[in-house]
1. Can you name the residue in segment A:272-292 that is touching a Leu at 6+ places or on another chain (Cβ under 8 Å) and assigned to a loop (DSSP other than H, G, I, E, B) and, of all such residues, is farthest from the other protein chains (Cβ to nearest Cβ)?
2. Do we find a residue being crowded, with 24+ Cβ neighbours inside 10 Å, without any contact (Cβ under 8 Å) to a residue 60 or more places away in the chain and more than 17 Å from B:S276 (Cβ to Cβ) anywhere in segment A:290-304?
3. Please go through (1) touching a helix residue (DSSP H, G or I) at 6+ places or on another chain (Cβ under 8 Å); (2) surrounded by fewer than 17 Cβ atoms within 10 Å (Cβ to Cβ) for A:P408 and return the number of the only condition it doesn't satisfy.
4. Please go through segment B:387-405 and give me each residue that is assigned to a strand (DSSP E or B) and closer than 14 Å to B:I314 by Cα, ordered by number.
5. Is there any pair with a first residue in segment A:399-413 that is among the charged types (D, E, K, R) and a second that is surrounded by 24 or more Cβ atoms within 10 Å (Cβ to Cβ) and modelled with pLDDT of 95 or more whose Cβ atoms are under 7 Å apart and which are 6 or more apart or on different chains, and what are they?
6. Look through segment B:88-128, keep the residues that are of a type in the set (G, A, S) and in contact (Cβ under 8 Å) with a residue 24 or more places away in the chain, and return whichever of them is farthest from B:Y139 (Cα to Cα).
7. Report the residue count in segment B:260-271 for those that are part of a strand (DSSP E or B) and of a type outside the set (D, E).
8. Consider segment A:160-191. How many of its residues are within 20 Å of A:N206 (Cα to Cα) and hydrophobic (A, V, I, L, M, F, W, C)?
Protein chains: 2
Amino acid sequence: MMATWLVLSTYFVHSTSLNNGLARRPPMGWLSWQRFRCETDCGTYPDDCINDKLYMDMADRLANDGWLALGYNQVNIDDCWSLRTRDPQTNEQVADPNRFPNGIKGVADYVHKLGLKLGLYNDIGSKTCGGYTGIDGNYQLDAQTFASWDIDMIKVDGCNANVPDMWQMYPAFGEALNKTSRPIVYSCSWPAYIPGHAETIPSIDNTTLADIAQYCNLWRNYGDIGDSWDSVKNIMQYWQRNYSNYSNDAFLHVAGPGNWNDPDMIIEGDNGLSLSEAESQFAIWAIIAAPLLMSNDLRNMDPKFKSLLQNKEIIAINQDPLGKQGACVYKNGNEVIWMRELADDKSIAVVLQNLGNAGFGTYLQFQVDLIPDFVSGWDSSTVFAVRNILNHTDLGQQKTYFKDLIQPSSVGMYKLTIV
Amino acid sequence: MMATWLVLSTYFVHSTSLNNGLARRPPMGWLSWQRFRCETDCGTYPDDCINDKLYMDMADRLANDGWLALGYNQVNIDDCWSLRTRDPQTNEQVADPNRFPNGIKGVADYVHKLGLKLGLYNDIGSKTCGGYTGIDGNYQLDAQTFASWDIDMIKVDGCNANVPDMWQMYPAFGEALNKTSRPIVYSCSWPAYIPGHAETIPSIDNTTLADIAQYCNLWRNYGDIGDSWDSVKNIMQYWQRNYSNYSNDAFLHVAGPGNWNDPDMIIEGDNGLSLSEAESQFAIWAIIAAPLLMSNDLRNMDPKFKSLLQNKEIIAINQDPLGKQGACVYKNGNEVIWMRELADDKSIAVVLQNLGNAGFGTYLQFQVDLIPDFVSGWDSSTVFAVRNILNHTDLGQQKTYFKDLIQPSSVGMYKLTIV
């Protein structure tokens, strides 16, 4: 793995992306953080605390409730799984023996038998965000330990680390992962900690997302998601980039197979989103080629939300093999229109979004002339079929434009195909 | 009606509430504004525009889908029903003949046959908020016109009026309604327009809510609700008053049979609230004795939201004949605890609220010592039964305190009864 790993001791070389053969499509699965946070009181909260039962419960649900068959193939442990100190003999990190009596390896064995992969969490600094053991320079030791537990992905947070040193720290741990020769997807929180999120020239070094893409499969660029529409709206606004400016946008052009911008977890099924708001999050996460890591309680899901997250047509857009991240082609007040090119060059995906919060909605219109010139095959005379992939209905053949009634806090999501 | 109407030409006399025999319990029904706003384009939006069909559709649903039997007994027309000019011959207000071909009287006849009442909207100023005809001093003429249409309630908004004159204008129209001798519930937006909302001594006159209660059955005190949790949270925060300070709180002590603070419409079933958030709104509106005027599409309701709004035990708290408005007995960060006394003096209603937006929730605890001393019969040795009225389960007999796990953006609602 990581066959094209570059020389780390020299400064970054632009425009070469990580090619460890992993995460060729946006990762899909489940991650504990938003829903279960750092609850370690298993006496008071036996079903909701961070322990092996929680992850095995979710693995059971992924395997048995139709999720795995749709591509949700990993269970990801987040913060608060370890002891706060290393093993005094070996210096290795240690899972809390009360909450993980069979260690992380025990969880890995369980989920692997179900056909799932296991993700783990750590931090590039001295401590995790929750105050648990961080990597703190033990790159090779920790990489070897984690690999020996048979994990398949690692999310490395950036708390309690010196940000100006991250351009050395994150690549160093990535190199250590590489040396283990176990394929481990590498998720870096790195750009979330850099001033400007590596979009503009940052104040502390010259790290760009293109640099980060050389060393990481995915990366968090922005603040943590919370269980609220406000939080989701803020994150969506951050990703309202100009599709017409694709090749010049710092965030858009680095995404693709093996490299993904991560706007954070899917929170459908929690308490803060209405069905309309949940549809909006899922549609936007799909069109921007985001990892689909749910943080909810799969043991207790409203059927409408489950059905949304299991929408095959939307998942297919998210997982489209071209891997090109979607963005905006129109913004005016509460109206936002998003698009994404697909591997099938006769098709594009479109989202019509109404961010208003009053009344029963309004007709939004997608015009073919919104499609940038670099997307070939589309002009005002093009006849195209419109499929509403949110509710699985065909809107028939259209020319020049199509429109649909979009309720407040809602989206319509469509696949347009040249006839 | 309005038998105890007071002399208007002198200044307000405190502490005498309106006693027109109406609205002895908080009004319940349906109101068009939030969901349907001022959409008058019936060509583009035939099912959603402000016309007689919309109100007759909703009347059908209220009568036939179980709402009326539970107390939701009125359909309320809001802004944008009229022409923009008065009849040149009679000077009367006129319903738009294209959208109301049989006039408001036609709608009244239709809803009355179903056993429902009809509410209408107007404005104390020269124009309504939507720019349609306002009362503009035509107190007696308009009151007679509306009474001749057989309306049962009137909401009078305060756009395009001189706020310092409202203390004369609103009572004058109330007197005119009184003279028609038709019982018409009078809803005044008056305090929403006064600086300080009549809570503190306002800057422009000395109007208090006690004054307003002499002339109005209900009144809007605060800004319009929108279809979002942010909007609902802001309004709830406004009503987080101190129950222990009941007799001194400007807003609490004026509420009671015939007089209600109106925090605005119930928006469950629209697009902006999750089920948890909807439960929160409904529980808080019930405990603060608010009018339950839904603004949603009754023709297309998610069963879970319909079931919530048809929760008989919560409606019974809202409609409790004592009519005492609930308020807060505890606030700490995201935890808010509300209570309300009931006509059955062995019982109280309690809401445990978690305003957080992270994780899976936390245990909230209601302690008997939170109950103010003026509520008799409760001390730390009192044994009481706890009924969860949100999900219709009994929590058994308790003493000193009880606790329950409350998810983010959620509430628990309980009836506590001394055993």
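The values are calculated or read from the model by the stated rules, or taken from the named source; none is laboratory data. Predicted model, so just to flag it, every value in this text is computed and none were measured. Using ideal geometry, Cβ is built from the backbone for each residue, glycine included, and neighbour counts are taken over all protein chains shown.
1. Looking at the filtered set, the residue picked out is A:P291.
2. no
3. Result: A:P408 fails condition (2) only.
4. B:R387, B:N388, B:T393
5. Within 7 Å, the pairs are A:D404/A:L352; A:D404/A:G412.
6. My answer is B:G115.
7. Taking segment B:260-271 and keeping what is part of a strand (DSSP E or B), we get B:260-262, B:266.
The next check asks that each one be of a type outside the set (D, E); those that pass are B:260-261, B:266.
Final tally of qualifying residues: 3.
8. Step one: list which residues in segment A:160-191 are within 20 Å of A:N206 (Cα to Cα), which gives A:161-174, A:188-191.
From the residues that got through so far, the ones that are hydrophobic (A, V, I, L, M, F, W, C) too are A:161, A:163, A:166-167, A:169, A:172-173, A:188, A:190.
Matching residues across segment A:160-191 total 9.
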